[in-house]
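Asks: My questions all concern the structure below.
Taken together, the values in this text are just the output of simple stated rules run on the coordinates, not laboratory data. What you see is a predicted model; the values in this text were computed from it and never measured. In this analysis, Cβ positions are derived from the backbone assuming ideal geometry, glycine residues included, and neighbour counts consider all displayed protein chains.
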Amino acid sequence: MTGRVAGKTALVTGAASGIGRAAAQLFAAEGARVIIADINADAAAAVAAETGGEFVALDVSSEAAWSAAVNHVGERYQGLDILVNNAGISPHDTIEDFDLEQWRHIHSVVVESVALGCKHGLSLLRHSPAGAIVNLSSVAGMIGTTNYASYGAAKAGVRNLTKSVAMYCAQRKYPVRANSVHPGSIDTPILDADKARYGGRAVTMREKSIPLGRLGQAVEVANAVLFLASDEASFITGTELVVDGGFTAR
Ligand SMILES: NC(=O)c1ccc[n+]([C@@H]2O[C@H](COP(=O)([O-])OP(=O)(O)OC[C@H]3O[C@@H](n4cnc5c(N)ncnc54)[C@H](O)[C@@H]3O)[C@@H](O)[C@H]2O)c1
């Protein structure tokens, strides 16, 4: 079998769309069995058909759902090598106008989900010969923003949690690496609400702030995810890989 992740089993959350879909496609092309985990059943089933993978219904904010999904993966695939915690939402709010229920919802989907995924996923990953966790954070988890108060706080949580998972696995001598990926502005359906609200300005305003002068594409983030998930990154754990066209370099 050939391919950069040949013979591995990979579960990608939020794989029905955007970056998760692109990652699932790359993993499949590079020889992995892919599990397409999402709440959007129709779109996820289509990605499963494209990739030859399996759709598993998973609300990442539910511990019961994680437990069921991981049990299923253990029974059907006898193990798990790669977990990509990618599912997410990114509503706007500010420190003066945020709603506490909404804050809690964002934290539940964006960061509690990652903790639950790592907790349950490790029961299988620690038995892999070379396990890898890749968590999708954001540049908004590294620098301050005006309009992503809740989201930025939750993504900063993902950044730090990933390092804790990496340290824990190393200390326990689990053969599992954990790293975070930090996209800047990437042209996926997550930007649709902004495009509906601001029209073309949603893109041009972003492009002006990016040194490379354009939005990123989902596959450009998926390439970083694939690298960190593969054995090419065998000495890389607890680190963060920024994919932002230079946005945070200034
Ligand atoms: N696109 C960007 O500009 C950008 C920038 C920084 C970080 N990110 C992060 O990258 C990740 C992927 O984003 P994207 O741009 O591909 O977005 P997207 O909207 O295209 O895809 C997100 C996917 O997550 C799924 N999802 C949402 N809530 C879920 C839940 N509770 N359980 C399971 N699945 C759920 C959606 O159904 C969808 O398929 C997210 O974590 C996002 O925060 C994206």
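Asks: Can you give me the Cα centroid spacing of the stretch 122-159 and the stretch 205-245 in angstrom?
Replies: 13 Å
Asks: For the residues F227, F55, F27, what sequence is obtained by ranking on other C-beta atoms within 10 Å, fewest first?
Replies: Exposure proxy ranking, most exposed first: F227, F55, F27.
Asks: Where the only charges are on Cβ atoms (+1 Lys, Arg; -1 Asp, Glu), what is the dipole of the stretch 9-244 about its Cα centre, to the nearest 20 debye?
Replies: 560 debye
Asks: Here's a follow-up. Of W103, T9, N86, which is farthest on the positive side of the dipole of the chain, counting Cα position, with +1 on Lys and Arg Cβ, -1 on Asp and Glu Cβ, and the Cα centre as origin?
Replies: Of W103, T9, N86, it is T9.
Asks: Still on this structure, please answer the following. Given an 8 Å cut-off on Cα distances and at least 6 residues of separation, report the relative contact order of the stretch 9-244 as a percent.
Replies: Relative contact order here is 20 percent.
Asks: Related question: Quote to one decimal, in nm, the extra length available between R250 and N223 on full extension: 0.36 nm per residue of separation minus the C-alpha distance between them.
Replies: 7.4 nm
Asks: Tell me which of L241, Y77, A193 sits at the most positive position along the dipole axis of the chain, charges placed on C-beta atoms (Lys, Arg +1; Asp, Glu -1).
Replies: Going by the charge dipole, the pick is L241.
Asks: Before rounding to the nearest 500, sum -39500 (n - 2.57) across all DSSP H runs of length at least 4 in the chain and divide by the residue total; then give [θ] at 222 nm in deg cm²/dmol.
Replies: Helices in the chain give a 222 nm mean residue ellipticity of -13500 deg cm²/dmol.
Asks: For the chain, what are Rg and Dmax over the alpha carbons, in angstrom?
Replies: Computed over the Cα atoms of the chain, radius of gyration and Dmax are 17.2, 55 Å.
Asks: Can you tell me which aspartates and glutamates have their Cα less than 13 Å from the Cα of K8? Leave out same-chain residues fewer than eight positions away.
Replies: Here the aspartates and glutamates satisfying the reach criterion relative to K8 are E30, D81, D231.
Asks: Let me ask something else. From the phi of every residue in the stretch 60-75, what ³J(HN,Hα) in whole Hz does the Karplus formula 6.51 cos²θ - 1.76 cosθ + 1.60 yield, where θ is phi - 60° and glycine or proline is x?
Replies: Karplus-based 3J(HN,Hα) across the stretch 60-75 equals 5, 8, 10, 5, 4, 5, 4, 4, 5, 5, 5, 4, 4, 4, x, 6 Hz.
Asks: Could you give the distance between the Cα centres of the stretch 1-41 and the stretch 64-105, to the whole Å?
Replies: 16 Å
Asks: While we're on this one: Tell me the label-point distance for the pair I89, E63, using the 7 Å Cα-to-Cβ offset, in nm and rounded to one decimal.
Replies: With each label point 7 Å from Cα toward Cβ, the separation is 2.1 nm.
Asks: I would also like to ask the following. Arrange H127, H182 by Cβ neighbour counts within 10 Å, fewest through most, would you?
Replies: H127, H182
Asks: May I pose another question? In the structure displayed, which of K119/K163; K119/K195; K163/K208 lie more than 25 Å apart, Cα to Cα?
Replies: Correct reply: K119/K195; K163/K208.
Asks: How big is the dipole moment of the stretch 137-233 about its Cα centre under a simple scheme where the beta carbon of each Lys and Arg is +1, that of each Asp and Glu is -1, and everything else is neutral? Debye, nearest 20, please.
Replies: Roughly 320 debye for the stretch 137-233.
Asks: When the Cα atoms of the stretch 125-216 are enclosed in a convex hull and the volume is divided per residue, what value in Å³ results?
Replies: 118 Å³
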